[in-house]
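Handing you a structure now.
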Amino acid sequence: MSDEPIEGPAAAGAESTPRPRRRLMKATISLVVVLVAILGWNATVALPVMSALSGESSHGVVIYRRWLVSPNSIVFDVWKPDPEGSMADMDRLLFKAAEALKDKHFDQVLLAYHGSGKFLLDGQRFQTIGQTYAVENPVYLMRTLTESVSDMDGKPAFGTWTGGLLGVLGQQLNDQNELHKKWWVEPALGGQ
């Protein structure tokens, strides 16, 4: 036997981290990078809305990208309805979120309760609400909102009404109440 150092694959493996451990470290680092990227991607919609809603004390809502990665679809998700809050409060939060994101275009906005999609709002309508919220009559926005809402299959969830002013207003407000009931009120009370 000689006193010379051993060279070759056995010596290289003895001095470095074992291969399975290195693979695990690389996989862990890759996963962390992906998670940070997803969080950053969602922050582009969540942070402006959080800032716009910072003074609000009613209903707790969260905004994020659909499936956390969608470039064309976001989720307006009700997580903590305020028992003292109203449907009008929820409309105001939705309209303020639209205003905060008025320079971004989305194909659709998913109206959800605890992550479960209830309705789809047309993305162009969402953007228009955001662009006009500061100058438009909020009652008009509320009563016409349902005309741009579809069910989860993409079929219109509510009708477009014509006729006399009082009859149309009554039907639009009924649709508005129905939207909120099915979206977050009934689920918050333990219904579907």
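Give the residue, chosen from Gly117, Gly191, that is at pLDDT below 95 and either more than 23 Å from Ser54 (Cβ to Cβ) or assigned to a loop (DSSP other than H, G, I, E, B) (or both). Lay out the reasoning, then the answer.
On the way: Gly117 fails: at pLDDT below 95.
Result: Gly191 is the single residue among Gly117, Gly191 that is at pLDDT below 95 and either more than 23 Å from Ser54 (Cβ to Cβ) or assigned to a loop (DSSP other than H, G, I, E, B) (or both).
While we're on this one: On the given criteria, is Leu169 modelled with pLDDT of 95 or more and not aromatic (Phe, Trp, Tyr)?
Values: modelled with pLDDT of 95 or more: no; not aromatic (Phe, Trp, Tyr): yes.
Spelling it out, it is not the case that Leu169 is modelled with pLDDT of 95 or more and not aromatic (Phe, Trp, Tyr).
Additional query: Check region 146-160 and report whether any residue there is within 20 Å of the chain's Cα centre (by Cα) and under 21 Å from Gly60 (Cβ atoms).
no
Has region 90-103 got at least one residue that is assigned to a loop (DSSP other than H, G, I, E, B) and modelled with pLDDT under 95?
The initial filter retains those residues of region 90-103 that are assigned to a loop (DSSP other than H, G, I, E, B), namely 101-103.
Retained after the next criterion (residues that are modelled with pLDDT under 95): none.
Checking region 90-103: not a single residue is assigned to a loop (DSSP other than H, G, I, E, B) and modelled with pLDDT under 95.
Take Leu173 and decide whether it is within 20 Å of the chain's Cα centre (by Cα) and surrounded by 12 or more Cβ atoms within 10 Å (Cβ to Cβ).
Values: within 20 Å of the chain's Cα centre (by Cα): no; surrounded by 12 or more Cβ atoms within 10 Å (Cβ to Cβ): yes.
When the stated conditions are applied, Leu173 does not pass them.
What is the number of the single condition among (1) in a strand (DSSP E or B); (2) surrounded by fewer than 19 Cβ atoms within 10 Å (Cβ to Cβ); (3) of a type outside the set (D, E, K, R) that Gly85 does not meet?
(1)
Every residue in region 114-139 that is under 22 Å from Pro71 (Cβ atoms) and of a type outside the set (S, T, N, Q), please.
Once the filter is applied, which keeps residues that are under 22 Å from Pro71 (Cβ atoms) and of a type outside the set (S, T, N, Q), region 114-139 yields Gly115, Gly117, Phe119, Leu120, Leu121, Asp122, Gly123, Arg125, Phe126, Ile129, Gly130.
A further question on this structure: Show the residue pairs that are 6+ apart or on different chains and have beta-carbon atoms under 9 Å apart, the first residue being within region 80-109 and more than 15 Å from Ser57 (Cα to Cα), the second being assigned to a loop (DSSP other than H, G, I, E, B) and of a type in the set (Phe, Trp, Tyr).
Phe95/Tyr133; Ala98/Tyr133; Glu99/Tyr133; Lys102/Tyr133
Restricting to region 88-122, name every residue that is polar (S, T, N, Q) and surrounded by fewer than 20 Cβ atoms within 10 Å (Cβ to Cβ). Spell out the reasoning first.
Quick first cut of region 88-122, residues polar (S, T, N, Q) only: 108, 116.
Matches in region 88-122: Ser116 only.
State which residue is surrounded by the most Cβ atoms within 10 Å (Cβ to Cβ) when the search covers only region 42-60 and only residues that are more than 17 Å from the chain's Cα centre (by Cα) and in contact (Cβ under 8 Å) with a residue 12 or more places away in the chain.
Taking the candidates together, the pick is Ser58.
The values are calculated or read from the model by the stated rules, or taken from the named source; none is laboratory data. Computed from a predicted structure; not experimentally measured. Methodologically, a virtual Cβ is constructed for each residue, glycine included, from the backbone with ideal geometry; neighbour enumeration extends over all protein chains shown.
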